[in-house]
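Here the structure is laid out as structure tokens; the discussion comes afterwards.
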Amino acid sequence: MKINTNPIKGTVDYLPADMEIRQDAINKILGTFKVHGFLQVKTPILENLELLTNGDSGDNQKLMFKTIKRGEKLDLSKPNLKESDIVEEGLRYDLTVPLARLYAGNREKLVTPFKAIQIDESFRAEKPQRGRNRQFTQCDIDIWGDASINAEIEILIAGISAYKEIGLNNIVLKINDRRALSEIITGVGFDANVVNDVCISLDKLDKIGAQNVIEEINQKFAQVSGIEKMSAKLLNIIEEVKTVTPDKLVKFGVSEEIANNLMTLQKVVSDLTNAKVEFDITVVRGQGYYTGTVFECYVVDGGFNRAIGGGGRYDKMLEKFVGTNVPAVGYSIGLDPVVMLLKESNKTVKSNKYALIYPKNADIYQIFKLKQQLIAKNCEISAFCEPKNYKNFCEKLKNNNFVGIIKMENPNNIISL
């Protein structure tokens, strides 16, 4: 029987030409983050379900992949099986929650504030879309132990610098503060303990529109008296706030401290990066663990209306691990949409790959002696016996980012592809 060779839905095979662009982007992002003083760490793909289902990650934890128990632990003959009888661990759906676990277990060994880099894969069982897969790579930086706005500024300058390093200059950074939004939400009558649930709905504004968000909120809180008026008033205020600068937030019930922080963040980051930085009250971020500033990055006129990166402050996450709050802020660049946009802009990576072509009867020792000599000249060399269909072979070399051919009989003559 013929086996299906297509990758599983929501996953992607990357051929050598694709990997050239991806790896170049990763190298430049990692290098930029390191220049800005962040230190690289790595966490496992598999995590404890108790950790992943802590209730703070919004819709993301609903999209988690779970692994089935193995061996004697899995007994499918038991009556009335529950999920806990079948599943054991989960694949991480982001890099932030595992980082919190890592920091909680190792903070005595780490410099404070701890500035971390993670570039790795996460998994979510969501509907695949353009620039969004079920298996995807995140490029994260986080700062633990700094409650000041300095952490946000440092994170965002490093993030914007990374975008510029890989060639994405036409970006706009949108900033907000969940506390400002919370004060507006409670100001129209919502109870403080449902603010996160309301924010999760508001995060869908750009995807499903204001009327559908109102309907979702009304359904969530159908038992609340006067919910229709409250939700309508909330959306009207949000529409009005969209047009103001952060310093005008005070008249909507937002504290001066929060308004001033947003003004400072906008001014310092825009001045030092020459990037467009906008206040946008509709930036919410769906994860429930955000406690303060939140931000998202978009490409201007790129034909892609979803964020290519984002993050925010999450000061309460570590309380579950160590019993006390530790301030934290993070930013994540989505590698998959970034690479997609680079490819669509015909991004090329400088190559130093050459094909060494040798005749069928060539001496093996001489083939690899010559290859080593060429490698010593800082070339990337792949040796091939001369093919029958030479023209077709050359075309494949070119498509795989080879820049030239060196024939064994005349190694000083490079044939450009």
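The values are calculated or read from the model by the stated rules, or taken from the named source; none is laboratory data. Everything numeric here is computed off the predicted structure, so don't read it as measured data. When we count neighbours, we look across all protein chains shown, and the Cβ atoms used for this are built from the backbone with ideal geometry, even at glycine.
A few comments on the model shown:
- Residue match in segment 14-27 (condition: modelled with pLDDT of 80 or more and farther than 20 Å from residue 337 by Cα): no
- Which listed residue is of a type in the set (D, E, K, R) and not assigned by TED's automatic domain parsing to the domain that holds residue 177, from 369, 320: 369
- Here segment 315-336 is the region considered, the condition is being in a strand (DSSP E or B) and not aromatic (Phe, Trp, Tyr), and the residue that is surrounded by the fewest Cβ atoms within 10 Å (Cβ to Cβ) is 334.
- The listed residue being in contact (Cβ under 8 Å) with a residue 60 or more places away in the chain and surrounded by 19 or more Cβ atoms within 10 Å (Cβ to Cβ), out of 310, 286, 292: 292
- Hey, residue 242 among the basic types (Lys, Arg) and closer than 30 Å to residue 142 by Cα or not: yes
- When each of 145, 189 is tested for being surrounded by fewer than 19 Cβ atoms within 10 Å (Cβ to Cβ), on the phi > 0 side of the Ramachandran plot and touching a Phe, Trp or Tyr at 6+ places or on another chain (Cβ under 9 Å), the lone residue that passes is 145.
- Lone qualifier among 8, 45, 86 - being among the β-branched types (Val, Ile, Thr) and either outside the structural domain of residue 126 (by TED's automatic domain parsing) or closer than 30 Å to residue 398 by Cα (or both): 8
Yes/no per residue for (1) in contact with a strand residue (DSSP E or B) (Cβ under 7 Å, 6 or more places away or on another chain); (2) outside any helix (DSSP H, G or I); (3) in the same structural domain as residue 144 (by TED's automatic domain parsing); (4) touching a residue at least 40 places away in the same chain (Cβ under 8 Å):
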position	(1), (2), (3), (4)
77	no, yes, yes, no
104	no, no, yes, yes
112	no, yes, yes, no
118	yes, yes, yes, yes
121	yes, yes, yes, yes
125	no, yes, yes, yes
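- Residues satisfying the stated conditions in segment 251-297, i.e. assigned to a helix (DSSP H, G or I) and within 20 Å of residue 199 (Cα to Cα): 252, 258, 259, 262
- Residue check, residue 299 in the same structural domain as residue 94 (by TED's automatic domain parsing), touching a residue at least 60 places away in the same chain (Cβ under 8 Å) and farther than 20 Å from residue 22 by Cβ: no
- Residues of segment 239-265 satisfying the condition of being among the polar types (S, T, N, Q) and buried (at least 19 other Cβ atoms within 10 Å of the Cβ): 261
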